[in-house]
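Accompanying notes for the structure given below.
The values are calculated or read from the model by the stated rules, or taken from the named source; none is laboratory data. Everything numeric in this text was worked out from a predicted model, so none of it was measured. Cβ atoms come from the backbone with ideal geometry, glycine included; neighbour counts cover every protein chain shown. To get the accessible areas, we keep the full protein, side chains included, count just its heavy atoms, and leave off ligands, DNA and RNA. Shrake-Rupley method; radii C 1.70, N 1.55, O 1.52, S 1.80 Å.
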Amino acid sequence: MALLYKVIETSIVTDEVLEEIINEWVSKGWQFDGIQFAMREASKRPAMAFILFTKYSPNPPEEEET
C-alpha cells in the first residue's frame, strides 16, 4: 500500500475558495492534511495557499489515476 500526496496551489486565498478546494478533493477520496500560506511582505493577507492532501492506494504511485 502506497501513501500518496497531493498539493493544490491557489493564488485566490479566500475562505470560499479554500472550502471549495477542500470539499472537492475530500469527495474524491483524499484526506485533508493541512494548508501552508505564502505571505507578502507588504501585506498581512496571504499571496498564495498550498492545500495538502494524502491518500492510501493499493497501487504504486505511477499506476494511480487522479
Can you pull out the residues in the stretch 32-52 that are among the hydrophobic types (A, V, I, L, M, F, W, C) and assigned to a strand (DSSP E or B)? 32, 35, 37, 38, 39, 47, 48, 49, 50, 51, 52
Output the residue which, of all residues in the stretch 22-66 that are more than 12 Å from residue 3 (Cβ to Cβ), among the hydroxyl-bearing types (Ser, Thr, Tyr) and within 15 Å of the chain's Cα centre (by Cα), is modelled with the lowest pLDDT. 66
For the stretch 7-31, the count of residues that are in a strand (DSSP E or B) and either more than 10 Å from residue 51 (Cα to Cα) or open to solvent by less than 40 Å² (accessible area, probe 1.4 Å) (or both) equals 3
